[in-house]
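Asker: Take a look at the following structure, please.
Each value in this text was obtained by applying a stated rule to the coordinates, not by laboratory testing. Here the structure is a predicted model, which means the values were calculated and not measured. Here Cβ is always computed from backbone atoms with ideal geometry, including for glycine, and neighbour counts include all displayed protein chains.
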Amino acid sequence: MAIIINKKGLSSVIHLTANATITVAGATGTSDIAVGGEVITGCSIKQIWYGSNNGHWEVKRGANVAAILNNTGHMDFVSHGITLNKDTTATLTANLNSTGVGFIIIEVSKIPTTGTNN
């Protein structure tokens, strides 16, 4: 897993090429997306870029499936005035169901604990 952009109190961009589970809630050192002493209570999915040559990505929040993504594409929820915000405190899981290779890039909007991110 690679966090390629991590803006304190704002957002994170996560790049994956294999199955991964991202811990969202918690302080720096517990949460995979908390940085610089911030405490995160949750996150919403803003955008997803994805691709696989022989399968699909399954994105989950906790036990709930948020998206099944086939082939290659981009989903921009924010430009349509929405975010995927079900189970914002749950772990974020991306599983590549494929015999080939793939990638997924997920941009999330952080939900910080009030007063901890200054």
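Asker: Which value, in debye to the nearest 20, gives the size of the charge dipole of the chain about its Cα centre, when Lys and Arg are +1 and Asp and Glu are -1 at the Cβ?
Answerer: For this selection, approximately 120 debye.
Asker: To make sure I understand the rule: partners must be aspartates and glutamates, Cα under 15 Å from the Cα of Lys60, and not fewer than 8 residues away in the same chain. Which ones qualify?
Answerer: Asp87, Glu107
Asker: Turning to a different aspect of this structure: Work out, step by step, the length gained on full extension between His56 and Val78: first 0.36 nm times the residue separation, then minus their alpha carbon distance; give nm to one decimal.
Answerer: Here the segment from His56 to Val78 would lengthen by 5.6 nm.
Asker: Reachable lysines from Lys7, Cα under 20 Å, same-chain residues fewer than 8 places away excluded?
Answerer: Here the lysines satisfying the reach criterion relative to Lys7 are Lys46, Lys110.
Asker: To the nearest 20 Debye, how big is the dipole of the range 52-112 about its Cα centre, given +1 on the beta carbon of each Lys and Arg and -1 on that of each Asp and Glu?
Answerer: Here the range 52-112 has a charge dipole of around 140 debye.
Asker: Ok, one more. Give me Lys7, Lys60, Lys110, Lys46 ranked fewest to most by other Cβ atoms within 10 Å of their Cβ, as a rough exposure proxy.
Answerer: If I rank by nearby Cβ atoms, fewest first, I get Lys7, Lys60, Lys46, Lys110.
Asker: Subtracting the Cα-Cα distance from 0.36 nm times the residue separation, let me have the gained length for Met1 to Ile68 in nm, one decimal.
Answerer: Contour length minus the Cα-Cα distance gives 22.2 nm.
Asker: If Lys and Arg each add +1 and Asp and Glu each add -1, what is the summed charge of the other residues whose beta carbon sits under 13 Å from the beta carbon of Gly36?
Answerer: +2
Asker: Once Lys and Arg get +1 and Asp and Glu get -1 on their Cβ, which of Thr99, Ser12, Gly51 lies farthest toward the positive end of the dipole of the chain?
Answerer: Ser12
Asker: So what is the relative contact order for the chain, in percent, with contacts set as C-alpha pairs under 8 Å and at least six apart?
Answerer: It rounds to 36 percent for the chain.
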